[in-house]
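Student: This is the structure I have questions about; it appears just below.
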Amino acid sequence: MKVVLFAGGLGTRISEESHLRPKPMIEIGGKPMLWHIMNIYAAYGYNEFIICCGYKGSVIKEYFTNYFLHNADVTIDLKDNQVHIHNTNVENFKITMIDTGVETMTAGRLKRVLPYTNNEPFMLTYGDGVCDVNIAELMTFHQQHGKICTMTTIQPTSRFGVVNMHEDGTVFQFEEKPEDSGTWILLDSDIVDFGNAWIRCAIRRNWKNYGSKIQFGKNGNLFSFTKSF
């Protein structure tokens with residue numbers, strides 16, 4: 001099963017970094033977030049990736065094009081213009097990088113890469129969706145419920161503290177950045193069957209008629225990165 005990675009957005013919420021490179025290429029521990037996500041999937045046996053490039057997509061292409069050389073011991077004969085590779089330490093990844101446009105919306109990016117999924121079930125995540133979801137459990141969960149799509153979601157924490165008060169203005173409680181009581185947001189690690197049906201459904205915003213999505217996730221194991229490190 002292939003993994004589709006969204007990596008074409010502008011990353012405006014972390015512009016102090018993304019003005020130089022795509023948000024998924026911001027480094028954690030010396031490696032891009034995109035690399036960490038790919039390693040998470042690879043740990044569960046999924047090592048074929050389709051990257052939806054867009055904003056500064058050349059940075060992603062150059063990184064992986066030169067990845068083998070940058071992680072190898074080499075001898076270079078300048079006179080004969082020959083490079084001899086001695087030892088290398090690279091992951092067993094197969095990566096397809098597709099230009100999906102700078103201004104393209106999310107569903108449009110997915111539509112452009114669907115031909116590379118061979119119309120088979122695939123996983124889908126954002127290029128900044130670093131998390132500790134158990135992919136094996138997610139796959140089992142998806143296969144058991146028989147729906148077209150499984151989503152992992154998170155209930156966001158408020159950005160601000162909250163004051164609770166009676167109607168007369170008397171304060172009776174302070175809450176420091178409480179968890180939202182009703183809103184869930186999509187974050188990471190979708191599994192999608194029958195990709196073309198799903199994308200048509202998404203574009204038409206007609207999910208209810210399909211009855212085909214179900215949520216998977218646990219409190220505390222999904223986080224979004226919107227600030228610089």
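The values are calculated or read from the model by the stated rules, or taken from the named source; none is laboratory data. Remember, it's a predicted structure, so these values are computed and weren't measured experimentally. Note that each Cβ is placed from the backbone with ideal geometry, even for glycine, and that neighbours are counted across all protein chains shown.
Student: Which members of the stretch 4-20 meet the condition of being touching a Phe, Trp or Tyr at 6+ places or on another chain (Cβ under 9 Å) and either closer than 18 Å to C52 by Cβ or assigned to a loop (DSSP other than H, G, I, E, B) (or both)?
Tutor: V4, L5, F6, A7, G8, G9, L10, G11, S18
Student: Give the stretch 24-53 a look and list any residue that's in a helix (DSSP H, G or I) and out of contact with any helix residue (DSSP H, G or I) (no Cβ under 6 Å at 6 or more places or on another chain), or say none.
Tutor: Selection gives W35, H36, I37, M38, N39, I40, Y41, A42, A43.
Student: Quick check on L114: is it surrounded by 15 or more Cβ atoms within 10 Å (Cβ to Cβ) and at pLDDT below 95?
Tutor: The answer is yes for L114.
Student: D128 - would you say it is at pLDDT 75 or above, surrounded by 15 or more Cβ atoms within 10 Å (Cβ to Cβ) and assigned to a loop (DSSP other than H, G, I, E, B)?
Tutor: Considered against the rule, which asks whether it is at pLDDT 75 or above, surrounded by 15 or more Cβ atoms within 10 Å (Cβ to Cβ) and assigned to a loop (DSSP other than H, G, I, E, B), D128 comes out as yes.
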